[in-house]
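This report refers to the structure that appears directly beneath it.
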Amino acid sequence: MTAHDTRKKPNRACMSYGGGVQSTAIALLTLNRDERLLDVTGGVTPELYLFADTGDERKATYAHVWKMAKLFEARGQRLDIVMKTQDEYTRGRTLSEHIVTSNGGRKKNISTAPFFVETKSGTRLAPIRRGCTSRWKIEPLMQAQRRHFSPARGEKEPQWQQWIGISVDEAQRMKDAQKPYYMVFYPLIWMGWSRQHCVEYLKTQTYADGSPVAIVRSSCVYCPFHDTEEWNHVRSDEDDWQAAIEFERGAQQAWREGRLAGIKAKPFLHPSGVNIDEVNFEEDDSQLTLWDNECAGICGV
């Protein structure tokens with residue numbers, strides 16, 4: 001629910017669990033029945049927790065999500081993993097596989113990452129319009145919610161709250177619901193919590209096995225919206241780093257062969273127009289604000 005949504009708040013809720021800092025903080029506040037959260041939710045807590053998996057998260061993120069799933073189970077809750085599987089062009093593939101094998105340049109039903117490409121003027125690189133968030137995150141999440149809550153056809157009143165972990169320092173990402181039969185609710189906004197509040201809280205928490213909860217950021221390993229800090233996290237794991245390099249190479253090969261749907265200029269993961277394994281990250285600051293300006297706040301909260 002945003003400040004602009006004045007409709008009556010329903011007493012049923014689900015949560016989009018991204019695996020990142022903010023959504024993990026909300027999940028733990030909920031599982032712990034923390035009064036600071038319950039005060040702003042009126043005692044309502046999610047009955048459904050959903051993680052939309054593109055198949056391309058960092059290894060550390062997957063390890064964290066699986067441990068959180070065990071904690072949910074230990075607390076009598078369940079974390080459901082959802083993936084985009086409903087058409088012949090995505091079934092059985094990760095998002096990266098889908099992008100680089102996009103059926104001979106087929107332009108429909110292809111979910112493209114926000115690659116950096118040369119603009120028409122040739123003076124700079126800019127990210128292209130992406131379909132990955134809407135088709136690989138939002139759509140699977142909404143399908144799972146509709147199956148669970150079963151809104152009546154033509155329903156105009158919100159039947160459930162969709163919780164999203166956007167904090168006060170990211171308030172520009174807040175959006176209203178896309179359909180009338182649910183409403184979006186931002187617990188951290190109403191609590192007045194920033195990302196740093198969430199970090200400090202997570203430092204006090206443990207998994208079901210007693211080990212400390214990891215503080216990770218969730219997004220595809222190759223996401224062009226990474227800032228330098230996040231790229232350095234990717235580089236710290238050889239498997240993650242190699243996956244990002246191979247994805248960029250695969251996308252560029254698909255582009256050369258006319259198989260990268262609708263993209264006319266050579267795609268890069270970095271705005272410098274240099275292949276990702278050749279970027280000097282010690283001197284780079286060109287991506288520091290891209291996430292905040294462009295990200296919809298669904299992938300990695």
- Flagged pairs (Cβ under 6 angstrom, 6 or more apart or on separate chains; first in region 241-252, of a type in the set (F, W, Y); second in a helix (DSSP H, G or I) and modelled with pLDDT of 95 or more) are W241/V234; W241/R235
- Message: Taking the criterion of being surrounded by 16 or more Cβ atoms within 10 Å (Cβ to Cβ) and either in contact with a Phe, Trp or Tyr (Cβ under 6 Å, 6 or more places away or on another chain) or farther than 23 Å from G55 by Cα (or both), would at least one residue in region 133-146 satisfy it?
- Response: no
- Restrict the check to region 240-252 and report whether at least one residue is at pLDDT below 95 and in contact with a Cys (Cβ under 9 Å, 6 or more places away or on another chain). no
- Message: From the list G122, G76, G104, G165, exactly one residue is modelled with pLDDT of 90 or more, assigned to a loop (DSSP other than H, G, I, E, B) and surrounded by fewer than 14 Cβ atoms within 10 Å (Cβ to Cβ). Which is it?
- Response: G76
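How many of the residues making up region 188-197 are assigned to a loop (DSSP other than H, G, I, E, B) and under 19 Å from the mean Cα position of the chain (by Cα)? Don't jump to the end; show me each part of the working.
Let us first name the residues in region 188-197 that are assigned to a loop (DSSP other than H, G, I, E, B), namely 192-194.
Retained after the next criterion (residues that are under 19 Å from the mean Cα position of the chain (by Cα)): 194.
Number satisfying all stated conditions: 1.
Can you pull out every residue in region 47-68 that is in a loop (DSSP other than H, G, I, E, B) and either farther than 30 Å from H226 by Cα or of a type in the set (V, I, T) (or both)? Working first, answer last.
Keep residues of region 47-68 that are in a loop (DSSP other than H, G, I, E, B), which gives 47, 53-56, 58.
Listed by number, the residues that qualify are E47, T54.
Of the residues that sit in region 198-245 and are assigned to a helix (DSSP H, G or I) and among the hydroxyl-bearing types (S, T, Y), which one is nearest to G20 (Cα to Cα)? Step through it out loud before you land on a result.
So the first thing to find is which residues in region 198-245 are assigned to a helix (DSSP H, G or I), and the list is 198-202, 228-235, 238-245.
Okay, now just the ones that are also among the hydroxyl-bearing types (S, T, Y), so 201, 228.
Working: Y201: 13, T228: 18 Å.
If we take residues in region 198-245 being assigned to a helix (DSSP H, G or I) and among the hydroxyl-bearing types (S, T, Y), then Y201 is nearest to G20 (Cα to Cα).
The values are calculated or read from the model by the stated rules, or taken from the named source; none is laboratory data. These numbers were taken from a predicted model, which means no experiment stands behind them. Here Cβ is always computed from backbone atoms with ideal geometry, including for glycine, and neighbour counts include all displayed protein chains.
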